[in-house]
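Just so you know, all these numbers are worked out from the coordinates, no wet-lab data involved. Since the structure is predicted, the reported quantities are computational estimates derived from the model, not experimental observations. Glycine also receives a Cβ, built like all others from the backbone with ideal geometry; neighbour counts cover every protein chain displayed.
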Amino acid sequence: MNIVYTILLLVLSNVFMTLAWYGHLKLQQVGVSSHWPLIGVIVFSWLIAFLEYCCQVPANRIGFQGNGGPFSLVQLKVIQECISLVVFVVIANMLFSGQGLRWNYILAFACLIAAVFLVFMK
């Protein structure tokens, strides 16, 4: 069950992270934050990033072998990076149309899948 909780929390964490990092660009595009000062955009993003940390920290605690979880530190990081890129692609395509997948992106994802495979090898 720790595997499921860890993965779900990492996915949720990365949704918040992606929205914190790139969501303000969409808000600017539609005119919501186009007149906000940079410090306002930063504070807005920090508020979203707080939610990211509220998911990321428990995910790492639950998933880490040192706390009884199933993953090593390196495995947690590689899983997080893969989830991060998948979540980014989905959100980028939802918020910013025209950000489609090109052949080199797909090849890069294949390399990441290979990295996950290698990290989990005994």
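Each 10 Å bin from zero up to the one holding the largest Cα-Cα distance in the chain carries the following percent of pairs: 13, 35, 32, 17, 3, 0. Annotation: peptides 21-33, 60-72, 105-117, ranked by per-residue average of other Cβ atoms within 10 Å with the highest first, follow the order 60-72, 21-33, 105-117.
Principal-axis analysis of the Cα atoms of the chain puts helix 103-120 at an angle of about 40° to the longest axis. Using only Cα atoms, tell me the angle between helix 38-63 and the longest principal axis of the chain; keep it within 0 to 90° and round to the nearest 10. With rounding to tens, the tilt is 10 degrees.
Extension gain, His35 to Leu112: 0.36 nm times the residue separation minus the Cα-Cα distance gives 23.9 nm. Helix 2-29 and the longest principal axis of the C-alpha atoms of the chain enclose an angle of approximately 20°. Estimated from helices alone, the mean residue ellipticity of the chain at 222 nm is -27500 deg cm²/dmol (sum of -39500 (n - 2.57) over DSSP H runs with n ≥ 4, per residue).
A convex hull fitted to the Cα coordinates of the stretch 62-111 yields 70 cubic angstrom per residue. Going by Cα centres, the stretch 3-62 and the stretch 100-122 are how many Å apart? First find each Cα centre; the distance between them is then 24 Å.
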